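Reading through the structure tokens given below for one structure.
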Amino acid sequence: MTDFTGKHGLIVGVANKRSISWAIAQAVARRGARLALTYQGRFEEHVHDLSQGLDQSPLVLPCDVSSDTEIASVFEKVDQEFGGLDFVVHGAAFAPREELESPFVNTTRDGFKIAMDISAYSLIGLTRAALPLFEKRGGGSVVTLSYLGSQRVFPNYNVMGVAKAALEATVRYLAADVGAKGVRVNAVSAGPIKTLAAAGIKGFSSILHVYADRAPLRRNVETSEVAEAAAFLLSDAAKAITGEVLLVDGGFHVTGI
Ligand code: NAD
């Protein structure tokens, strides 16, 4: 059920070997998927280098998710090469650094717009662009990446928490909208992991310590564990699951204190 032989997927959000999206790419490629990886400008070389480690000659394409033109161009090229698409992984998120340092009440209008556009709206843009390609395969699966900061307050997560709340609501609205086309939309809400994005959050290391102390499993999660859960949601094993936010955080979210 989690075999991806003959399936084609688009992975958005690889910056380097620590990226959660890269772990997902590896997890599905290992099971037979052929992939297109996109990169944001400055990560071109990294993503090209990483792609060499995947079988089945992946496509590597630029995509800034704040640009409708770049999104359209990616799906045009993916369609030309793959003749349709089976799944999309959305692992892009961004908020200006100063928004993740200063008191939340100082969130700027611009910082708010940028965080919402790149971290939440882009899921709508990508899903819409994927629909005609999914249709050629009789359906599709979309997985995005969220964090518990959507529901609880974590120091300095600030506007990114608001963007993740919007992202999770977007998952539900999209799932309801595109479900009749056989398209599923889900999120994996991961526990904290040291990645480039996490490095932008002031005091991130102390969040890692709190999870290791308090999570029922008494440890932090591995990127590969998040990737396995995402692969499950992308696969036919999850074919009746949509609109779901699956917490992969060692159980931290159930704790009261
Ligand atoms: P990462 O830095 O490796 O990935 C973030 C990606 O977002 C990068 O590839 C970056 O290029 C991309 N991005 C930012 N702005 C973009 C734009 N305008 N256009 C296209 N791409 C853009 O870090 P990560 O931790 O792997 O983050 C992946 C996802 O996982 C994010 O949504 C993040 O919020 C989420 N997440 C991370 C953690 C964690 O602790 N690391 C926990 C839960 C959820």
Search result, residues across segment 20-44 that are part of a loop (DSSP other than H, G, I, E, B) and open to solvent by 10 Å² or more (accessible area, probe 1.4 Å): Arg31, Gly32, Gln40
Segment 198-242, residues that are β-branched (Val, Ile, Thr), closer than 18 Å to His90 by Cβ and out of contact with any Leu (no Cβ under 7 Å at 6 or more places or on another chain): Thr223, Val226, Thr242
Residue count for segment 199-236, restricted to those that are more than 22 Å from Asn186 (Cβ to Cβ) and within 12 Å of the ligand (Cβ to nearest atom): 9
Members of segment 155-173 found to be touching a residue at least 60 places away in the same chain (Cβ under 8 Å), open to solvent by 20 Å² or more (accessible area, probe 1.4 Å) and within 17 Å of the chain's Cα centre (by Cα), listed by number: Arg172
Out of Ala33, Ala27, sole residue that is among the hydrophobic types (A, V, I, L, M, F, W, C), away from the ligand (no atom under 15 Å from the Cβ) and touching a residue at least 12 places away in the same chain (Cβ under 8 Å): Ala33
Segment 138-154 - residue that is closer than 28 Å to Gly83 by Cβ, out of contact with any Leu (no Cβ under 7 Å at 6 or more places or on another chain) and without any contact (Cβ under 8 Å) to a residue 60 or more places away in the chain and, of those, nearest to the ligand (Cβ to nearest atom): Val142
Any pair with Cβ under 6 angstrom, 6 or more apart, that starts in segment 187-201 at a residue that is under 12 Å from Gly251 (Cα atoms) and ends at one that is within 7 Å of the ligand (Cβ to nearest atom) and assigned to a strand (DSSP E or B): Ser189/Ser146
Close pairs from segment 221-232: first within 15 Å of Phe87 (Cβ to Cβ), partner at pLDDT 95 or above and open to solvent by 70 Å² or more (accessible area, probe 1.4 Å), Cβ under 8 Å, at least 6 apart: Ala227/Gln26
Positions within segment 208-255 being open to solvent by 40 Å² or more (accessible area, probe 1.4 Å) and among the β-branched types (Val, Ile, Thr), in sequence order: Val210, Ile241, Thr242, Val254
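Could you say which residue among Arg97, Arg128 is within 18 Å of Gly9 (Cβ to Cβ) and among the basic types (Lys, Arg)?
Among Arg97, Arg128, only Arg128 is within 18 Å of Gly9 (Cβ to Cβ) and among the basic types (Lys, Arg).
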Residue in segment 149-171 that is within 18 Å of Ala227 (Cα to Cα) and small (Gly, Ala, Ser) present: no
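The values are calculated or read from the model by the stated rules, or taken from the named source; none is laboratory data. What you see is a predicted model; the values in this text were computed from it and never measured. Glycine also receives a Cβ, built like all others from the backbone with ideal geometry; neighbour counts cover every protein chain displayed. Note: accessible area is taken over every heavy atom of the protein model, side chains too, but ligands, DNA and RNA are not part of it. Shrake-Rupley method; radii C 1.70, N 1.55, O 1.52, S 1.80 Å.
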